[in-house]
Amino acid sequence: MMSIGTLSKQSGVHIETIRYYERAGVLPKARRATNGRRIYGEEDAGRLAFIRHARELGFELVSVRALLALQERPELSCKAASELASAQLAAVESRLNRLTVLRDELKRMVRACKNGRVVDCRVIEALTNMR
């Protein structure tokens, strides 16, 4: 058994985030020691590691909840998990495309700037004309 502080250090997840995951229902409510402090077991640590990894991959909590439900039913088809991952991949690719457009526009603005006076600044001009 471990305290919330130990779980936080072990998992790399902030204490407040662990409490949030409990409130959101993706991490079960912690058992309490006789002094009222939260205590966690290895199963909780494993579940928290799963949640953290899923969140690092950009999954929203609703998807994390669905993935956790699938994890608890290992006899089911993994089609739903694959569909969730495919949707997440599409979202990541969309963000990458938007970031590429942003990068290219920023490069263009920076190249056009001659580092003279603000009145002649192409960065300021580009931002002013982006309506």
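The values are calculated or read from the model by the stated rules, or taken from the named source; none is laboratory data. All values reported here derive from a predicted model rather than from experimental measurement. Using ideal geometry, Cβ is built from the backbone for each residue, glycine included, and neighbour counts are taken over all protein chains shown. The area values use the complete protein model at the heavy-atom level, side chains included, leaving out ligands, DNA and RNA. Shrake-Rupley method; radii C 1.70, N 1.55, O 1.52, S 1.80 Å.
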In the range 106-124, anything touching a residue at least 12 places away in the same chain (Cβ under 8 Å) and open to solvent by less than 60 Å² (accessible area, probe 1.4 Å) is listed as M109, A112, V123
Scanning the range 49-58 for residues that are closer than 18 Å to E22 by Cβ and open to solvent by less than 40 Å² (accessible area, probe 1.4 Å), the one farthest from the chain's Cα centre (by Cα) turns out to be I51
Within the range 40-66, the residues that are touching a residue at least 12 places away in the same chain (Cβ under 8 Å) and within 24 Å of L96 (Cα to Cα) are I51, R52, A54, L57, G58, F59, L61, S63, V64
K114: passes all of (1) at pLDDT below 95; (2) under 30 Å from N129 (Cα atoms); (3) of a type outside the set (A, V, I, L, M, F, W, C); (4) assigned to a helix (DSSP H, G or I) but (4)
>> Scan the range 85-101 and tell me whether some residue there is open to solvent by less than 40 Å² (accessible area, probe 1.4 Å) and either basic (K, R) or touching a residue at least 24 places away in the same chain (Cβ under 8 Å) (or both).
In response: yes
Looking across the range 30-48 at residues that are over 20 Å from L67 (Cβ atoms) and basic (K, R), the single one that is surrounded by the most Cβ atoms within 10 Å (Cβ to Cβ) is R38
